[in-house]
Amino acid sequence: MHIDIISVSPDLLKSPFEHSIIKRAQDKDLVTIELHDLREFGIGNYRQIDDYQFGGGAGMVLMIEPISNCIEKLMQKRNYDEIIYMTPDAKTLTQVTANKLSLAKNLLILTGHYKGVDQRIRDKYITKEISIGDYVLTGGELAAAVLCDAIVRLIPGVLGDETSALTDSFQDNLLSPPVYTRPAEYMGMKVPEVLLSGNFPKIEEWRTEQAYKRTKEIRPDLLND
Ligand code: 6GU
């Protein structure tokens, strides 16, 4: 997979991709992530990328021309499965969306800033808009990092244990059951007996039971879906 990300603050996106599993996925050539600085497409001597909004109102808007030039240049090189705009005024990212996007070959992600981008960019180029939750961030960069993490870990070969992505919370609309490791007893706190029993059908049954219990308590909305 190849992911291009257009951003006003590409440095903000460097660190999340230089560690752990996402780093290993790049080292193994399972994914390449390329950051593009929107400022390089800015207009005039000041490399202007934003301006006041028509009709008045507080906050700057990212201009159509720099973004359009950047996207057009990238589109000459690659055919994108999706051109994604990260914005709080969109549908919230779910595991289902991450699963679908993990099958893509080329993704282009545009991150917004300030009051967002000129609507005409959204109308002309964007094929998918994604929010990561009902709160506002200063920019779309951290949201893009979240999206990339959710996608990349699903690419076959990225996670060592092939089954672990499938047993995550949310893959079956259930939260994960509690987990324990050694010691079996710590300061009088004991690990549930069933997990030490070696009776695997029973252990599975317990885990499913616990997953439902947790989901019912914390996220009952998931059970209604
Ligand atoms: Cl994608 N962008 C911004 N700026 N804020 C957000 C978001 C995205 N998703 C949730 N809040």
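Key figures
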{"read-out": "More than 26 angstrom apart: percent of Cα pairs within the stretch 2-152", "value": "21 percent"}
{"read-out": "Candidates Val179, Val31, Val152, ranked by Gaussian network fluctuation over the chain, Cα under 10 Å, top entry", "value": "Val179"}
{"read-out": "Antiparallel DSSP beta bridges within the stretch 2-152, as percent of all bridges there, nearest 5", "value": "20 percent"}
{"read-out": "Rounded accessible area of Tyr135 (nearest 10 Å², 1.4 Å probe)", "value": "110 Å²"}
{"read-out": "Local net charge near Ser7, Cβ-Cβ under 12 Å (Lys/Arg +1, Asp/Glu -1)", "value": "-4"}
{"read-out": "Per residue value of the accessible surface for the stretch 8-72 (all protein chains in place, 1.4 Å probe), Å²", "value": "61 Å²"}
{"read-out": "Net charge, Ile22 excluded, C-beta distance under 12 Å - Lys, Arg +1, Asp, Glu -1", "value": "+2"}
{"read-out": "Shape call, the stretch 169-224: gyration tensor on alpha carbons, a/c limit 1.5", "value": "prolate"}
{"read-out": "Residue-wise HN-Hα coupling along the stretch 53-58, computed from phi with Karplus coefficients 6.51, -1.76, 1.60 (Hz; x: Gly, Pro)", "value": "8, 4, x, x, x, 6"}
{"read-out": "Those lysines that a straight Cα-Cα span of less than 29 Å connects to Lys190, excepting residues fewer than 8 apart in one chain", "value": "Lys202, Lys213, Lys216"}
{"read-out": "Rounded percent of accessible protein surface that carbon and sulfur make up, the chain, 1.4 Å probe", "value": "52 percent"}
{"read-out": "Whole-number accessible area per residue in Å² for the stretch 73-210, which is evaluated in the context of all protein chains at 1.4 Å", "value": "62 Å²"}
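The values are calculated or read from the model by the stated rules, or taken from the named source; none is laboratory data. Given the structure is predicted, the values throughout are model-derived calculations rather than measurements. Cβ sites come from the backbone with ideal geometry, for glycine too, and all protein chains shown count toward neighbours. Side chains included, ligands, DNA and RNA excluded: accessible areas come from the protein's heavy atoms. Shrake-Rupley method; radii C 1.70, N 1.55, O 1.52, S 1.80 Å.
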